[in-house]
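Here the structure comes first, spelled out in structure tokens, and everything after it is commentary.
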Amino acid sequence: MKKKLLFVIYDLGSGGAEKSLVSLLSLIDYDKYEVDLFLFRKEGMFLSQIPDKVNAVLCNPDFSFFDGPYIGAVRHFLLKGRFDILLARKKYADEFRKKSGHDPLNTWRYMSKCFSRLKKEYDVSIGYLEGISNYFAADKVKAKKYIAYEHTDYSINNFLRKADTEYFPKFDKIVTVSENCLKALSDNYPEYKDKFAVVENISSKKNIVAMAENETVDLKKDCKLALLTIGRFYHQKALDVAVDTCAELKNRGVDFKWYHIGNGGPLKAEIEQRCKDKQVSDRFIMLGEKSNPYPYIKACDIYVQPSRFEGKSIAIDEAMLLEKPILVSNFPTAKDQITDGVTGIITDLDPESLADRIIEMSEDSALCARLSGNLKDHKGNEEEIEKFYDIING
């Protein structure tokens, strides 16, 4: 008998966790496992990359009304006679209006009114992202085993602490993506340290190199230096600092373009306005989402990740697999991936420091060649799937 697995994630947008899940699904042995996928929203650029062997992609159409405009929600749930959900929708909106910030636990409690418990029983229910994906996997699925994923660095981002304190006891295993993330979880929850495990985000060098050849991209047709950053419009990604660094580079007379791939998140309008205010809209080029970002990584001169924090950055791993010179900010888990001066450069997260190192790297071809050369033996980590099997079968 095949083991029945359910993965839960909000959608398949352009984030690292979403890409990680698609990579994991592509490697599962479907002769041994029957896999269903539950999405809160059946959308996102990675939808087309779901393997054909995934048994079913499930969602709840009511949620798009619940999480959409209030008037539309009122009409929809009045017609269905679901006054309980209408009341929850009002409380949901009120929660987000709180000056002190919304409580994720209350947010889920109101949102959960939309969802019935799934009828199918599974061997393993897997919430693949911290927050509501985990809470759904625990509350709305009948399973023999429950697994939660935490992709973030808990030492920096513990916004979910109150909710996680309530939900962690419900899981048999809690998976994170790096040793530093594991330490942060263990420091915050020593009572659950036996539940914690590490399974790194999976990257396949063979697939990434092949996809990088699918398209020819010219990022230097009107500049001498092409920089690239991948990440959604969240505070975590420090795109505000990237824009300020653009202004610093421009003031220093550098002939460059800084390309950005990504969408989603609450700060896009703010970043666009910052580009106008700093007069670098022609230097910081927002390309939007790209289902295949690898030709762009291949075409850039330096891959830059100016994050405030990361769990384990998939984009950095992919730049390493494509042997690019890499510059990252000194976020807490940076050294999990980059050895400073050997496989990349780590610097402080401020415009002056970033500009200094970008100029240094652009003017020192020997340094960049050495950094790239040191990545030639950097391989993918498809063997991480064995750790995943150990967890679901243990």
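Bear in mind these aren't lab numbers, they're just calculated from the coordinates by the rules spelled out. It should be emphasised that the depicted structure is a prediction, and the values quoted were computed from it without experimental measurement. Reconstructed Cβ throughout: ideal geometry from the backbone, glycine too, with neighbour counts over all protein chains shown.
For the chain, the antiparallel share of DSSP beta bridges with both residues in that region comes to about 0%. How are the C-alpha pair distances of the range 1-119 spread across 5 Å bins, as whole percents from the shortest bin up? Using 5 Å bins, I get a P(r) of 2, 10, 18, 17, 16, 14, 11, 7, 4, 1, 0 for the range 1-119. Derived value for the range 188-263: Kirkwood hydrodynamic radius 16.3 Å. Basis is the mean of 1/r over every pair of different alpha-carbon atoms. Electrostatic bookkeeping for Ile132 treats Lys and Arg as +1 and Asp and Glu as -1; over the other residues with beta carbon under 11 Å from its beta carbon, the sum is -1. Mean separation of Cα pairs under 8 Å and 6 or more residues apart, divided by the residue count, gives the range 205-373 a relative contact order of 25 percent. Net charge in the neighbourhood of Ala88 (other residues with Cβ under 11 Å of its Cβ; Lys, Arg +1, Asp, Glu -1) is +3.
Highest-first packing order for the peptide set 324-335, 258-269 is 324-335, 258-269, based on the mean count of other beta carbon atoms within 10 Å. Given the options Ile271, Asn251, Ala210, identify the residue whose Cα lies farthest towards the positive end of the charge dipole of the range 199-342 (+1 on Cβ of Lys, Arg; -1 on Cβ of Asp, Glu). Checking the options against the dipole of the range 199-342, the answer is Asn251.
The average projected area of the range 205-373, computed from the convex hull of its Cα atoms over all directions, is 8.9 nm². Basic side chains Lys and Arg get +1 at the Cβ, acidic Asp and Glu get -1 at the Cβ, and with that the dipole of the chain about its Cα centre reaches some 1720 debye. On the principal axes of its alpha-carbon atoms, the range 315-394 has extents of 51, 26, 15 Å, going from largest to smallest. About its Cα centre, the range 205-373 has a charge dipole of approximately 360 debye under the convention of +1 per Lys or Arg Cβ and -1 per Asp or Glu Cβ, with nothing else charged.
Relative to the Cα centre, the charge distribution of the range 137-225, modelled as +1 at Lys and Arg Cβ and -1 at Asp and Glu Cβ, gives a dipole magnitude of about 260 debye. Each residue of the range 267-278 is assigned a 3J(HN,Hα), and the resulting list reads 10, 4, 4, 5, 5, 4, 5, 5, 4, 5, 4, 8 Hz, derived from the Karplus form 6.51 cos²θ - 1.76 cosθ + 1.60 (θ = phi - 60°), x at Gly and Pro.
Residue farthest toward the positive end of the dipole of the chain, with Cβ of Lys/Arg at +1 and Asp/Glu at -1: which of Tyr189, Tyr122, Ala299? Comparing the listed Cα positions along the dipole, Tyr122 ranks first.
Positive end of the dipole of the chain (Cβ unit charges, origin at the Cα centre): among Ile346, Gly16, Leu5, the Cα lying farthest that way belongs to Leu5.
Springs join every pair of Cα atoms under 10 Å in this Gaussian network model of the chain, and among Ala73, Ala138, Ala148 the largest mean-square fluctuation is at Ala73. Taking every Cα-Cα distance in the chain and sorting them into 20 Å bins starting at zero, the pair-distance distribution P(r) comes out as 26, 56, 18, 0 percent.
Mean sequence separation of contacting Cα pairs (under 8 Å, at least six apart), scaled by the length of the chain, corresponds to a relative contact order of 14 percent. Listed values for the range 384-394 are Karplus-derived 3J(HN,Hα) couplings in whole Hz (6.51 cos²θ - 1.76 cosθ + 1.60, θ = phi - 60°), namely 4, 4, 5, 5, 4, 4, 4, 6, 6, 9, x, and x replaces Gly and Pro.
All Cα-Cα distances of the range 132-206, cut into 10 Å bins from zero to the largest, leave 19, 53, 23, 5, 0 percent in each bin in turn. For the range 250-262, the Karplus equation 6.51 cos²θ - 1.76 cosθ + 1.60, evaluated at θ = phi - 60°, returns couplings of 4, 5, 8, x, 7, 8, 8, 9, 10, 8, 10, 10, x Hz by residue, with Gly and Pro reported as x.
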